[in-house]
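A.B. asks: One structure is given below, represented as structure tokens, and several questions about it will come after.
The values are calculated or read from the model by the stated rules, or taken from the named source; none is laboratory data. What you see is a predicted model; the values in this text were computed from it and never measured. Don't worry about glycine lacking a Cβ; one is built from the backbone with ideal geometry, like all the others, and counts go over all protein chains shown. Just the protein is used for accessible areas: all its heavy atoms, side chains included, with ligands, DNA and RNA removed. Shrake-Rupley method; radii C 1.70, N 1.55, O 1.52, S 1.80 Å.
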Amino acid sequence: MGSWGTLGPALLSLAGVVLGAGGSLFGQYLVSRASTRQLEVQEAAAHRAELKNAVLKFVRIALQVEKVALTRSEAAGPAADSELGRLVDDLWLAQAEIDLAARTEPLRGATYRYAFRLAEAARGETADASALRGPQVQFMDAAYDDMWPGQGRANGELGSPR
């Protein structure tokens with residue numbers, strides 16, 4: 001009994017140290033997981049903000065190109081052509097910004113196809129606004145999917161979840 005009297009408290013102390021170390025390691029693991037998740041959420045929010053700005057810039061320029069291209073007349077002259085040329089250049093720069101900011105290939109492709117159709121309209125190759133609606137919807141759907149993966153959009157309505 002004498003050896004248990006001295007060995008028992010030492011073993012219990014050792015068990016306490018092991019449990020304490022295990023608890024400490026488990027706590028650190030949980031904190032690390034929470035920090036990693038928080039970082040992922042912050043990075044996703046930063047990506048959405050950057051992409052949102054690029055998308056809004058592209059949409060603003062796209063609407064200007066569409067308006068000028070589809071409402072111009074042959075009598076408008078070289079000043080209108082110069083303005084339209086500048087807008088198309090701005091459109092391609094905005095497309096490149098999305099190309100750099102996008103995480104997904106579908107968004108890159110949809111942006112390019114929409115910009116290409118708008119450039120065709122600017123050259124006078126498309127005179128019907130309905131020819132631009134398909135690429136425009138595909139672009140907006142792809143932008144939404146890139147910003148909020150897996151959430152989708154319902155019936156082509158902007159911002160409404162499926």
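A.B. asks: Among the residues of the stretch 69-80, write down those that are outside any helix (DSSP H, G or I), within 13 Å of Arg123 (Cα to Cα) and either modelled with pLDDT of 95 or more or not basic (Lys, Arg) (or both).
C.D. replies: Going residue by residue through the stretch 69-80, those that are outside any helix (DSSP H, G or I) are 72-73, 77.
Of the ones still in play, those that are also within 13 Å of Arg123 (Cα to Cα) are 72-73.
If the condition is that a residue be outside any helix (DSSP H, G or I), within 13 Å of Arg123 (Cα to Cα) and either modelled with pLDDT of 95 or more or not basic (Lys, Arg) (or both), then Ser73 is the only one that fits.
A.B. asks: Moving on to the next point. Output the number of the condition that Asp141 fails; it satisfies all remaining conditions of (1) in a helix (DSSP H, G or I); (2) closer than 18 Å to Asp89 by Cα.
C.D. replies: All conditions pass for Asp141, except number (2).
A.B. asks: Also: From the list Glu66, Glu43, Glu83, pick out the single residue that is modelled with pLDDT under 95 and open to solvent by less than 50 Å² (accessible area, probe 1.4 Å).
C.D. replies: Glu66
A.B. asks: Against the condition farther than 30 Å from Arg123 by Cα, open to solvent by less than 70 Å² (accessible area, probe 1.4 Å), at pLDDT below 85 and part of a helix (DSSP H, G or I), how does Gly27 come out, does it pass?
C.D. replies: On the way: farther than 30 Å from Arg123 by Cα: yes; open to solvent by less than 70 Å² (accessible area, probe 1.4 Å): yes; at pLDDT below 85: no; part of a helix (DSSP H, G or I): yes.
So Gly27 does not fit the description; no.
A.B. asks: Moving on. The conditions are (1) modelled with pLDDT under 85; (2) farther than 22 Å from Ala131 by Cβ, and Gly16 fails exactly one of them. Which is it?
C.D. replies: Of everything listed in (1) modelled with pLDDT under 85; (2) farther than 22 Å from Ala131 by Cβ, Gly16 misses just condition (1).
A.B. asks: Got at least one residue in the stretch 132-146 being more than 21 Å from Ala49 (Cα to Cα), at pLDDT below 90 and more than 12 Å from the chain's Cα centre (by Cα)?
C.D. replies: Here is the first cut: in the stretch 132-146, the ones more than 21 Å from Ala49 (Cα to Cα) are 132-135.
Subset that is at pLDDT below 90: none.
No - not one qualifying residue is present in the stretch 132-146.
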